[in-house]
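Accompanying notes for the structure given below.
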Amino acid sequence: MLSVFREFLVCGHVTKMEFVSGLGAKVVHVYDQLQEKGDPRVENWLLMKTPTPTACIVISYLLVVWLGPKAMADRKPLQLKPILVGYNFFLVGLSIYMFYEFRVTSWKANYSYGCQPVDYSNSELGLRMARVCWWYFFSKVIEVMDTIFFILRKKNNQITFLHVYHHSSMMINWYLGVKLVAGGQSFFLAMINSFVHIIMYSYYGLAALGPGMQKYLWWKRYMTQLQLVQFFAVIIHTGYSIYADCDFPMGFNYAVFLYCISLVVLFLNFYLKAYTTKKEKHKV
């Protein structure tokens with residue numbers, strides 16, 4: 001493989017140094033473009049000035065996913081019941097706040113559910129929408145604790161590709177979302193996801209209370225169905241915006257559209273394995 005790569009460089013008259021410097025130049029160009037086109041309203045908000053802090057968080061998260069289970073291999077799982085209950089219900093409260101802010105701000109600003117450009121002004125409602133978009137981004141940073149708790153409790157079967165992909169990609173996606181398009185079309189995805197997270201973290205919070213709650217948690221499969229419904233809703237919403245040629249950065253519309261399709265594929269695969277396969281096994 002290395003020899004093929006070397007031949008490619010030689011045939012293309014590209015030295016290793018030229019390749020590295022060229023790649024570095026492209027990274028610097030993307031960085032400069034991001035800084036140049038970034039929303040000046042959010043520049044001094046926490047984690048927003050440059051992409052470096054968010055990139056470090058994502059890289060650190062992936063390292064923890066890789067090294068954490070190894071570090072816990074010879075240790076007993078930690079009992080974190082009070083922390084888990086508090087953490088999950090804190091996220092319920094945060095999700096309620098975000099859903100309320102997205103819904104009320106969009107309603108007061110007469111947002112269209114068909115096509116909505118970003119309001120880059122310093123108006124009260126423009127800034128209010130930008131702020132809740134930032135909180136939504138920051139909630140994705142907080143939610144990496146889901147994975148850390150799995151590792152500490154040695155629930156490694158929960159750390160699937162879907163889980164890691166979703167957590168890491170949402171931090172990147174929403175850093176870019178707040179940096180470049182804090183509001184507009186993006187409010188719909190965040191609003192509907194905040195609603196789903198109210199239900200999801202309520203479930204996790206109740207489950208963390210102990211085995212006595214299990215008889216009240218029969219609705220887990222319907223929670224996964226709700227997650228799938230939200231992705232289809234966002235696909236339809238974004239697809240319409242693409243079709244209608246909405247005055248919203250088209251690159252973001254395409255990115256959201258394709259990203260939600262990837263989540264539908266992964267969540268549907270999870271749902272079929274978790275519920276359909278189990279039913280078939282019970283029948284046998």
Inset, instruction - Looking for whichever is open to solvent by 60 Å² or more (accessible area, probe 1.4 Å), of a type in the set (Lys, Arg) and either modelled with pLDDT under 95 or touching a Phe, Trp or Tyr at 6+ places or on another chain (Cβ under 7 Å) (or both) here; the options are Lys70, Lys16, Lys81. Which one fits? - result: Lys16
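Conditions tested, residue by residue: (1) among the β-branched types (Val, Ile, Thr); (2) at pLDDT 95 or above; (3) closer than 29 Å to Ile83 by Cβ.
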position	(1), (2), (3)
Met171	no, yes, yes
Tyr175	no, yes, yes
Phe187	no, yes, no
Met191	no, yes, yes
Met200	no, yes, yes
Tyr204	no, yes, yes
Ala208	no, yes, yes
Thr224	yes, no, yes
Inset, instruction - Please state which of the following conditions Phe99 fails to meet, knowing it meets all the rest: (1) farther than 20 Å from Met171 by Cα; (2) surrounded by 16 or more Cβ atoms within 10 Å (Cβ to Cβ). - result: (1)
Legend entry - Selection count where residues are aliphatic (A, V, I, L, M) and at pLDDT below 95, scope region 115-145: 0
Legend entry - Filter result (within 19 Å of Val256 (Cβ to Cβ) and open to solvent by 20 Å² or more (accessible area, probe 1.4 Å)) within region 136-166: Leu162, Tyr165, His166
Legend entry - Of residues in region 198-256 being open to solvent by less than 60 Å² (accessible area, probe 1.4 Å) and β-branched (Val, Ile, Thr), the one nearest to Phe90 (Cα to Cα): Ile198
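Table: residues versus (1) open to solvent by 40 Å² or more (accessible area, probe 1.4 Å); (2) touching a strand residue (DSSP E or B) at 6+ places or on another chain (Cβ under 9 Å); (3) of a type in the set (D, E, K, R).
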site	(1), (2), (3)
Asn88	no, no, no
Leu91	no, no, no
Leu94	no, no, no
Arg103	yes, no, yes
Ser112	yes, no, no
Pro117	yes, no, no
Asn122	yes, no, no
Leu125	yes, no, no
Inset, instruction - For Asn122, work out the one condition from (1) in contact with a Lys or Arg (Cβ under 7 Å, 6 or more places away or on another chain); (2) in a helix (DSSP H, G or I) it doesn't fulfil. - result: (2)
Legend entry - Single unsatisfied condition, Val58 versus (1) touching a Lys or Arg at 6+ places or on another chain (Cβ under 6 Å); (2) within 26 Å of Phe161 (Cβ to Cβ); (3) surrounded by 15 or more Cβ atoms within 10 Å (Cβ to Cβ): (1)
Inset, instruction - Kindly establish whether Arg103 is basic (Lys, Arg), over 16 Å from Met48 (Cβ atoms) and at pLDDT 95 or above. - result: yes
Legend entry - Selected residue [under 30 Å from Leu209 (Cβ atoms) and not in a helix (DSSP H, G or I)] from Leu47, Leu78, Leu94, Leu84: Leu78
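The values are calculated or read from the model by the stated rules, or taken from the named source; none is laboratory data. On a predicted model such as this, the values are computed, not experimentally measured, just so you know. Backbone-built Cβ (ideal geometry, glycine too); neighbour counts: all protein chains shown. Side chains included, ligands, DNA and RNA excluded: accessible areas come from the protein's heavy atoms. Shrake-Rupley method; radii C 1.70, N 1.55, O 1.52, S 1.80 Å.
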